[in-house]
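Novice: This is the structure I want to talk about, given as structure tokens.
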Amino acid sequence: MVFRIKTLLFQENFDKASDASPFGAHYRAAGTLVFLLLCTAIVPLALNHPDHRVPRYLRDHGVLTVGVAENVHVKTEPRGRGTRNYITTVDYRFAGPDGKIYHGASSFKGDKGQPVAAGDSIKVVYDRDSPSTNFWQTALIGMEAGIFGGVFAAGLVIPLCILSLYRYVRWRQYRRTSPAHSPA
């Protein structure tokens, strides 16, 4: 049975659906609780992962400079329903604050390949204290968009889980106090 949002939003609809399948209601509540606990444990860990900390640090404290794209490679991968993701990987070089030439590589995943070719000037963000920690600015922005998209999705799903558990608790209280459901 597909559980619809309309069933979740109105308590009487939730009660009817749960009365029709009490085992299913218990099963969904347990699954929702496990999912909610996993989300509340995994989301903070994922946001604090080193792959996300470095881009956040560079966004807030990095130095913007101009680099030169040395090599550009575009790879495609299936995304679903016949569409594709394009992963544009750029190898680049830039001059650091000490005059040395630093190299880096970054990838951007999107609906189409990025309009950059070998020899083009690109924007690079690097760490002032360690220029070898750097990102192509376009890839940095794309990575942040993915992180914020995940946080936004969690911001939608977690309240629905909480609402579902609230409806379940209310349904259980209704069943306990209702004369039709009390033992004879």
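Novice: Once the other residues with Cβ under 11 Å from the Cβ of L165 are scored (Lys, Arg +1; Asp, Glu -1), what is the net sum?
Specialist: Net charge in that neighbourhood comes out at +4.
Novice: Would you mind calculating the relative contact order of region 62-184 from Cα pairs under 8 angstrom and at least 6 residues apart, reporting the percent as a whole number?
Specialist: 22 percent
Novice: Enumerate the lysines that K100 could reach by cross-link, defined here as Cα to Cα under 29 Å, with residues fewer than 8 away along the same chain left out.
Specialist: Result set, ordered by chain and number: K123.
Novice: Near the amide H of Q114, under 5 Å away, which other amide H atoms are found, from residues 5 or more places off or on another chain, if H is placed in the peptide plane?
Specialist: When sequence neighbours closer than 5 places are left aside, the close amide H contacts are T88.
Novice: List every residue whose amide H lies under 5 Å from the amide H of T133, counting only residues 5 or more places away in sequence or on a different chain, with H placed 1.01 Å from N in the peptide plane.
Specialist: Those qualifying (amide H under 5 Å, at least 5 residues apart or on another chain) are D127.
Novice: How far, in nm, would the chain grow between Y166 and A20 when pulled straight, counting 0.36 nm per residue and subtracting the alpha carbon separation?
Specialist: Here the segment from Y166 to A20 would lengthen by 50.7 nm.
Novice: What is the sum of charges around L33, taking Lys and Arg as +1, Asp and Glu as -1, for the other residues whose C-beta is under 14 Å from the C-beta of L33?
Specialist: Overall, the nearby charge balance is +3.
Novice: Now for a different question. Hey, what do the phi angles of region 155-162 turn into as Karplus ³J(HN,Hα) couplings, whole Hz, using 6.51/-1.76/1.60 and θ = phi - 60°, x for Gly and Pro?
Specialist: Residue by residue, region 155-162 yields x, 8, 6, 4, x, 5, 5, 5 Hz.
Novice: Give me the lysines in straight-line cross-link reach of K16: C-alpha distance below 17 Å, same-chain residues under 8 apart excluded.
Specialist: Qualifying lysines at Cα under 17 Å: K6.
Novice: Could you run the Karplus curve 6.51 cos²θ - 1.76 cosθ + 1.60 with θ = phi - 60° over region 118-127 and give me ³J(HN,Hα) per residue in whole Hz, x for Gly and Pro?
Specialist: So the Karplus estimates, Gly and Pro as x, are 4, x, 6, 7, 10, 8, 10, 10, 10, 7 Hz.
Each value in this text was obtained by applying a stated rule to the coordinates, not by laboratory testing. What you are looking at is a predicted structure, and each value in this text was computed from that prediction instead of being measured. Please note: Cβ atoms are built from the backbone with ideal geometry, for glycine as well, and neighbour counts cover all protein chains shown.
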